[in-house]
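Here, each number is a calculation from the coordinates, and none is a lab measurement. The model shown is predicted, which means the values in this text are computed figures rather than measured ones. Methodologically, a virtual Cβ is constructed for each residue, glycine included, from the backbone with ideal geometry; neighbour enumeration extends over all protein chains shown.
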């Protein structure tokens with residue numbers, strides 16, 4: 001799993017590439033810690049390149065979102081497709097989080 | 001085969017071979033250099049010795065010559081009477097010790113017309129001066145060489161050495177000077193003055209020349225005859241050329257020719273007189289045409305060099321041995337501790353970490369090595385102790401995990417058929433746990449006489465936390481279900497209980513259904529679980545549409561809705577976790593929803609237990625033994641109603 005961070009205005013756009021499962025999920029936690037330390041509390045997560053997400057991955061996202069919320073920030077999602085989008089729908093994550101079709105929409109919203 | 005040599009051997013071999021070469025070079029160079037010096041000195045000293053000897057012989061000869069010349073000169077005065085001549089002869093002999101004998105021989109009938117012979121001869125005999133008048137019919141002196149040759153040549157000559165039978169009876173050489181008188185204005189040969197020298201004193205003089213032990217001097221006449229030589233048989237009897245003939249030595253002949261030509265030189269004379277190597281120095285004398293030779297035995301000349309070289313060689317060998325012993329001692333001193341260390345290392349390698357290392361106190365590299373070794377041993381010991389402790393702890397944890405896993409599995413109903421006395425339905429479930437403890441759960445039980453609850457869930461993550469969460473969820477679910485609530489209410493209640501104190505963000509997806517086993521009416525609720533499949537008996541299987549309601553345990557204030565569907569005879573609801581659709585083969589491909597659905601479409605007239613087994617087999621065929629990363633959990637609920645199975 002790889003992360004590409006781009007600063008866009010006051011938001012940090014994080015592009016996640018690869019697979020997010022029990023083995024790689026802790027990396028997401030670590031990244032989240034960095035964001036809070038550097039003060040990037042508005043995070044747009046671009047999942048367009050994410051191939052696979054497991055329940056452990058979902059849990060990491062939950063934990064990260066919770067931390068960001070604690071730091072008075074928020075986590076937005078964009079670019080969901082295929083299996084990932086299905087998982088988000090099935091698990092109700094789509095209802096819990098703000099989901100946007102594109103990054104631009106997420107930044108605008 | 002490579003023979004194994006120790007460090008000591010290699011060190012000694014290397015240093016000693018270098019030393020050997022150096023010592024050999026020194027001894028060799030010294031030998032040749034000193035030999036050159038000795039040779040030069042020998043040549044120099046032999047030259048000096050020969051010239052000195054030649055000088056002394058010459059001085060004798062010149063004295064004799066002068067005396068004879070003077071007498072010859074005075075005899076040219078015709079006024080001398082017979083008595084005066086005799087007196088002169090006697091006085092001269094008495095005054096010149098070098099002269100053995102002297103004769104004044106006149107031509108026949110010259111001094112006195114009536115006398116054929118007139119040749120007074122004075123000579124030394126027994127310390128006194130003896131007299132004899134030469135000449136009688138048997139000894140006609142004017143035919144002798146000493147008389148004839150100067151007469152014919154009209155100049156003084158030295159005769160070849162000869163044994164004089166007529167005079168003193170000794171070995172001698174004679175210097176003869178012709179004298180003349182003027183008669184009637186004409187210069188006429190009058191006679192000869194001779195001066196003899198005994199060769200005995202020459203012999204004695206040369207004998208005094210001692211060259212080392214066996215070296216000697218010799219004298220050659222003008223003709224090459226040996227005048228003096230330590231071997232008396234050679235004297236007079238042999239010339240250098242007859243000797244060369246006898247010895248078959250052309251080299252000696254050529255040396256003899258050079259000697260007679262009056263040259264001087266220092267030449268090797270290897271193996272001419274005997275097997276020993278020799279050097280010869282020869283030089284010509286000023287008078288008489290004689291030449292002097294001195295022979296030097298080479299081995300005696302070189303004795304000093306030889307002795308010096310021998311001593312140096314001995315010192316070299318002694319030094320060599322001492323050096324060898326020293327090197328071996330030092331090398332042993334180094335390699336012995338190394339050997340001990342090596343033994344200790346082997347012992348340590350075999351697992352004995354309590355071995356005492358050899359006590360090495362030297363403050364060199366070997367000491368450092370020993371210290372490093374000691375540190376290594378201690379570290380290794382500590383490390384192994386740590387490892388043992390850690391391994392023990394890890395094993396304990398693993399064993400506890402295994403027990404936890406067993407307990408977790410044991411709380412799931414496993415006895416099938418679960419309700420053999422109830423023909424209205426058939427329920428079958430299976431769980432294939434992954435290696436690591438997971439959080440899948442399922443359960444089924446009667447809520448009341450006609451309502452049967454069945455559920456399946458998946459706790460996020462793995463390990464002990466997931467196992468705990470799963471156990472809590474399962475317990476909560478059962479308790480809440482028994483209160484007679486509908487599925488949506490059950491999930492709402494369970495969710496709020498789970499979310500209340502959930503800091504770890506764990507969550508569980510749940511599908512829960514309650515079926516009226518008499519009518520087939522089924523109420524269900526879904527908390528973020530992947531959609532189950534509805535398999536109508538004889539119809540096309542389809543997914544039960546997801547409600548888009550979130551997973552349980554995250555948000556406290558959630559309301560879950562309840563949906564209702566009615567099952568007909570033989571219809572099945574198949575619930576599974578994502579372990580089924582996300583099972584992976586070695587190529588990391590997912591089993592996928594599509595593959596599952598295709599399999600279910602192809603399966604006709606399924607029964608609950610067979611359905612689960614078919615799917616399980618299909619997954620196993622697909623994964624081909626690849627390691628399972630998630631629990632694979634399935635539950636099939638078949639409604640039979642009052643129809644036959």
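Observations
- Over the stretch B:411-639: Rg over Rh, Cα atoms, Kirkwood Rh: 0.94
- For the stretch B:203-333, relative contact order (Cα pairs under 8 Å, six or more residues apart, normalised by length) works out to 21 percent.
- Residues B:128, B:402, B:222, arranged from fewest to most other Cβ atoms within 10 angstrom of their Cβ, appear as B:128, B:402, B:222.
- For chain B, the longest principal axis of the Cα atoms and the long axis of helix B:593-602 meet at an angle of about 60 degrees.
- With Cα atoms as the point set, the radius of gyration and Dmax of chain A evaluate to 12.4, 34 Å.
- Put simply, when B:234-241, A:61-68 are sorted by average Cβ atoms within 10 angstrom per residue, most first, you get A:61-68, B:234-241.
- Residue order, fewest to most beta carbons within 10 Å, for B:73, B:106: B:73, B:106
- Approximate spin-label separation residue B:133-residue B:378, in nm, with each point projected 7 Å along Cα-to-Cβ: 13.2
- Computed over the stretch B:411-639, relative contact order equals 25 percent, with contacts defined as Cα pairs under 8 Å that lie 6+ residues apart.
- Axis angle, to the nearest 10 degrees, between helix B:7-75 and the longest C-alpha principal axis of chain B: 10 degrees.
- Global form of chain B, assessed from the alpha-carbon gyration tensor, a/c cut-off 1.5: prolate
- Here the relative contact order of chain A, from alpha carbon pairs under 8 Å that lie six or more residues apart, stands at 26 percent.
- Between residue B:418 and residue B:402, the contour length at 0.36 nm per residue exceeds the Cα-Cα span by 3.2 nm.
- Stokes-Einstein D in µm²/s, Kirkwood radius over Cα pairs - the stretch A:32-76 at 37 °C with 0.692 mPa s viscosity: 298
- Computed E for residue B:310/residue B:125 - FRET, C-beta separation, R0 45 angstrom, nearest 0.05: 0.25
- Between the stretch B:81-146 and the stretch B:207-222, the alpha-carbon center distance in angstrom: 34
- With N counted as the residues of the stretch B:76-201, its alpha-carbon radius of gyration over 2.2 N^0.38 Å works out to 1.01.
- Inter-chain neighbour count for A:55-66: the average number of beta-carbon atoms from partner chains within 10 Å of each residue's beta-carbon is 6.
- Additional length obtainable on full extension of the chain from residue B:14 to residue B:329, 0.36 nm per residue less Cα span: 111.9 nm
- Using alpha-carbon coordinates, inclination of helix B:608-623 to the longest axis of chain B, degrees: 20
- Computed E for residue B:393/residue A:71 - FRET, C-beta separation, R0 30 angstrom, nearest 0.05: 0.25
- Inter-probe distance in nm under a simple model that places probes 7 Å from Cα toward Cβ, at residue B:340 and residue B:24: 3.9
- In this structure, residue B:386 and residue A:51 have a Cβ-Cβ separation that, at R0 = 41 Å, corresponds to a calculated FRET efficiency of about 0.50.
- Projected label distance in nm at residue B:187 and residue B:257, using a 7 Å step from Cα toward the beta-carbon: 3.7
- Counting neighbouring beta carbons within 10 Å and listing from fewest to most, the residues B:9, B:452, B:622 come out as B:9, B:622, B:452.
- Convex hull volume of the protein assembly as shown per residue (C-alpha atoms, cubic angstrom): 366
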